[in-house]
Structures are given as structure tokens and as C-alpha cells.
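Structure record follows, encoded as C-alpha cells.
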Amino acid sequence: MADENLQSNKVAVLTIPGHDPIELPILKGTEGPEVIDVRALGSHGYFTYDPGFVSTASCKSKITFIDGAKGILLHRGYPIDQLATQTDYLQVCYLLLNGDLPNQEQYDSFSKRVKYHTMVHEQINSLFKAFRRDSHPMAIMCGIAGALSAFYHDNLDIYDPEHRYLTAIRLIAKIPTLAAMSYKYSVGQPFIFPKNNLSYAGNFLHMMFATPCEEYQVNPVIEKALDRIFILHADHEQNASTSSVRLAGSSGANPYACIAAGLASLWGPAHGGANEACLRMLERIGTVERIPEFIAKAKDKNDSFRLMGFGHRVYKNYDPRARVMEQTCHEVLNELNIKNHPIFDVAVELERIARSDDYFIERNLYPNVDFYSGIILNAIGIPTNMFTVIFALARTVGWISHWIEMNEAEDSRIGRPRQIYVGTPTRDVIAMANRKPCDTPNNEF
Ligand code: SDX
């Protein structure tokens, strides 16, 4: 959508003492709030300050829309709860990449193309051996994903639409294989080849839990739950990891290296690392009786503890993904006949208490996508240190869809934020012999 279609015919007038009023166009997208276009400020010698980009749009996008106040999440216009219950992950991958859901013929062709690329180059197997067995799987994924750029840099022209699309297919296909390999490596078991007669989620479960000694039977309820978890994590607008992929890609960097940037950002506990941190928090709380102690810690400004799986930069209402996740959690625990799951009971009671507490109500802190996902993954038998890898596996299609959209954008340019300089004003170098000791805390290290 070119900028002329975004004009709302309204302008904001900025009055700066000693300056003529500055007129700034107000833009309006298909959905969402009006936006003040501040690009002209530079020509007046000003720029804006917005740490964490709380009030800043970095780009235009057609892929995902979030209304945080109403708890709305759309992918190419389709509500997330409908996608999660009426489609599968590969349909959502097609949707994010192509703009609409596939018909049966398109779905079959897309699935076949993805399955053709599920294997990885044999030399990647030896890359794993460079890692300690007890490496965190996300550390391995960051390294291996970046290393993929060494396998595809020569025949990859990022300005060729077909090369960009092939990159997306390769990543969607290979990321489950690499994720399962990072798990197998950490438990000292042999890597399991993909089986292309299985579904996307079924194949991942197979590569995770099969061994050469016996067949692995995919449980259809678990397969469907995992596919739904993939859908719920597929994309989420300009979150920290997607913005990292876009910023890295804005310099024309290799797309596999850009995905490695996304993986690195996602790993943080404030972002995709929250599902692992949330389950560890629930295990640390341990019993319903200890919840008040941790609620108090979360509210204590002098305590860095936060309720993991709670709160969101955009959602000031219930994260729509968390609702679907909670329903899926019940289904999986029932299917696996897991009664009185201690962590689940703590989670349900923690949510009830938190959501009735003024501190959380006043700050619009609700459960987010990470609050229940860890319980499902735990029940499926996926180890806690693999939770963020599962998130990364699912989010890869969102990352590469945004990378493609950025490369196709007519106004795409290298991302280069500005700053407010608060350092030492200009000064001259003093000869070493005349210098006083440098006053720095680093001398104690
Ligand atoms: C994801 O952006 C995305 O879309 C991300 C994501 C995606 O799909 O890509 O949705 C995935 O990252 C979900 C979020 C997962 N993270 C967590 O669950 C970690 C716990 N949550 C927080 O760290 C926090 O809520 C953030 C990071 C998610 C959001 O932080 P903000 O928007 O910067 O909010 P803030 O830190 O300014 O907090 C506002 C207030 C503060 O209190 P006051 O200073 O106003 O008194 O709320 C408090 C915070 O202390 N607060 C919390 C809290 N989250 C915010 N207090 C206790 N527990 C929490 N979890």
C-alpha cells in the first residue's frame, strides 16, 4: 500500500519555540490507530526519542494485525482462533507467505515442496559435534542457523523473488529437522531422518522421539496439539525478534544470518525465553499455597522477579493465543489422562489470583502466549530447555515472511535509529604522562 493510500487528509501541527509550525501528515492503515508520519522532522533538524519503540511504527506490513486493547490477532485478516481450530500449520505458512489460504491443489503442491527440503546437508551433522553435549539447544540453534548461510550463500540472490521464496521453503522445511537434531545431540542419541509420509508436526515428533531401535507411533491428539502450538507462534507483527530479522536484513544480509539474529533475540526471557522461564517459575512455586509469596515478589519494585508468561507490550487484554492455548492444555492433559497436574493446578490458581489483584489489573497484565504453552510441552514430554526452540521453529515462517516483505517494499532502506547523546562534550587528548587515573568501576574487574 503506497503512502498516498495511507493519507487521512489530516495533519498534526508541531509547534516548536523559535520555529515555524511543522505540519506532519497523519496516516491511516487498513486497521488500527492513526499514525503521525514524522519523517519530515529530520529536515527541520529534529528527530524523535522512543526507547523500546513503544510508540513507533518501523514499517508498513500486510502480514499480521494486533489490537492490544481488544485482544485481536489477525494473520492476513483471519482471526487466530479460527486459524488455530480450522487450519493447520502448513496452511498458515502458505497464508503468511502468499497472502491467502491455499486451496487443496495449492496446499498439496506447497506441502510436497516443503517435504522435499526437510533433509539438511550431511556436513551440518558434523557442525553439531563442535558443541558441548550440555549446550542449551538455543545456543546450538543460533550457531547452526547462522551456519546455514555458509551452505546457500553462492546460489542465493536476495533480489530474485524465486530465490527468496525458495529460502522460505528451505527454512520452513529444515528448521524442525535442525531443532530435533539439537535435542538428539543434547541427549546423546543419533539424529533421526525426516519421514516425508508424516505430517509437519508428526514428522517433528518422530525426529524428536524415534530411535533406530523401534518405530515411534505419533499420537494424533499430541500431533494436533503441537501443530496448533506452531500456529499460535507463527507470527506476531513487529516483536523484538521479527524486528531483529528486519533490521539485520535491511543491510542486505544473508537471510539465514538474519534468522540467526531472530533466534538470538527470541532467546531472551522477556520474549521467547518466557515459556521456559514460566515453567521453571511454576515448578519453583511448586504448590498453590506458595503463590501469594511469589505474587508479592512480582509486585515488589526492589525485586527483579516478574510473573513469567504474564504481561505484554501490546496486549492490554487477554492474549487471544493464551485462550486457545489453555483450551489445548485441557485437551492434552485429558488425552494423556494426566489428572491433578501439579504445575497446571498452580498455573490456573496463579492466573485466578493475579487477575483479581489490583496491581495486575491496573497494569493490564494478563496471561500471554507463554503462560500455558510450557505445560502442554511438558505433558508431551518435550524437555524445558527445548521450549524456546519450539517457539523459534514455529516463528521462522513469520520471520522469513517479514524478511521477504521488507525486501519487496518500495520504501525499504537500511535501518539506522538515532540516539540522544548524553556522553562527555568535546575535549582534547592529554599526553599519557599528564593523565589522572581514569575514574571507572571496571578497574575492580
Ligand atoms: C512474547 O512482542 C511480542 O509480540 C512478543 C510475543 C510474540 O509472539 O512475539 O508476544 C511473545 O514475548 C510474550 C511476552 C513473554 N514475556 C514474558 O512473559 C515475560 C514477563 N513479562 C514482562 O517481562 C513484560 O510484561 C513484557 C516484557 C512482556 C512487556 O514489558 P513492557 O511492555 O516493557 O512493560 P513494562 O516492563 O514497562 O511493565 C509495565 C509495568 C511495570 O510496572 P510499573 O513500573 O508500571 O510499576 O508492569 C509491570 C512492570 O514492572 N510488569 C510486571 C510484569 N510485566 C510488566 N510485573 C510483574 N510481572 C510481570 N510479568
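So the values come out like this:
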| quantity | calculated |
| --- | --- |
| Compactness relative to 2.2 N^0.38 Å, alpha carbon Rg of segment 1-87 | 1.38 |
| Solvent exposure, largest accessible area first (probe 1.4 Å, DNA, RNA and ligands not counted), of 371, 305 | 305, 371 |
| Translational diffusion coefficient (Stokes-Einstein; Kirkwood radius from C-alpha pairs) of segment 353-443 at 10 °C, 1.306 mPa s, in µm²/s | 79 µm²/s |
| Peptides 252-263, 333-344, 14-25 ordered by average Cβ neighbours within 10 Å, highest first | 252-263, 333-344, 14-25 |
| Angstrom value of the Kirkwood radius, inverse mean 1/r, which spans all Cα pairs in segment 280-370 | 13.8 Å |
| Under the Karplus curve 6.51 cos²θ - 1.76 cosθ + 1.60, θ = phi - 60°, whole-Hz ³J(HN,Hα) for segment 308-321, x wherever Gly or Pro sits | 5, x, 10, x, 6, 4, 9, 6, 10, 8, 5, 4, x, 6 |
| Full-stretch length increase - residue 9, residue 338 - with 0.36 nm per residue and alpha-carbon distance subtracted | 112.6 nm |
| Segments 427-435, 70-78 sorted - mean Cβ within 10 Å per residue, highest first | 70-78, 427-435 |
| Value of relative contact order over segment 26-113, rounded to a whole percent, pairs C-alpha under 8 Å and six or more apart | 14 percent |
| Over segment 227-269, relative contact order from alpha-carbon pairs under 8 Å, at least 6 apart, % | 41 percent |
| Segment 1-48 - convex hull of alpha carbons, volume per residue in Å³ | 87 Å³ |
| Burial order of peptide ranges 121-127, 317-323 (average beta-carbon count within 10 Å, highest first) | 317-323, 121-127 |
| Listed residue (202, 274, 109) projecting farthest to the positive dipole end of the chain, Cβ model | 274 |
| Volume per residue that the Cα convex hull of the chain spans, once the total is divided by residue count, Å³ | 213 Å³ |
| Stokes-Einstein D for segment 1-150, Kirkwood Rh over Cα pairs, 20 °C, 1.002 mPa s (µm²/s) | 105 µm²/s |
| For segment 362-434 and segment 246-284, distance of Cα centres in Å | 6 Å |
| Residues whose placed amide H lies under 5 Å from that of residue 310, excluding near-sequence neighbours | 368 |
| Overall Cα dimensions of segment 103-230, principal axis frame, Å, largest first | 42, 38, 24 |
| Simple Cβ-charge dipole of the chain, Lys/Arg +1 and Asp/Glu -1, about Cα centre, in debye nearest 20 | 860 debye |
| Positive-end residue of 231, 388, 187, charge dipole of the chain with Cβ unit charges | 187 |
| Separation of alpha-carbon centers, segment 1-70 and segment 181-221, rounded to whole Å | 48 Å |
| Extension gain from residue 134 to residue 213, taking 0.36 nm per residue of separation minus the Cα-Cα distance | 26.0 nm |
| Under 21 Å from residue 62, Cα to Cα: lysines that are on another chain or at least 8 residues apart | 28, 70 |
| Amide N of segment 278-317 lying under 17 Å from the label point, which is placed 7 angstrom from the Cα of residue 345 along Cα→Cβ | 282-292 |
| Computed over the chain: relative contact order in percent, which uses C-alpha pairs under 8 Å that are six or more apart | 18 percent |
| Rounded D (µm²/s) - segment 223-300, Kirkwood Rh over Cα pairs, Stokes-Einstein at 25 °C, 0.890 mPa s | 164 µm²/s |
| Residue (of 288, 315, 336) at the positive-pole extreme of segment 274-343, dipole from beta-carbon charges | 315 |
| Förster radius 45 Å - calculated FRET efficiency between residue 155 and residue 54 (Cβ-Cβ, nearest 0.05) | 0.65 |
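The values are calculated or read from the model by the stated rules, or taken from the named source; none is laboratory data. Since the model is a prediction, treat every value here as computed from it, not as a measurement. Every residue, glycine among them, receives a Cβ derived from its backbone with ideal geometry; neighbour counts consider all protein chains shown. Quick note on the areas: whole protein, heavy atoms, side chains included, nothing else; ligands and nucleic acids left out. Shrake-Rupley method; radii C 1.70, N 1.55, O 1.52, S 1.80 Å.
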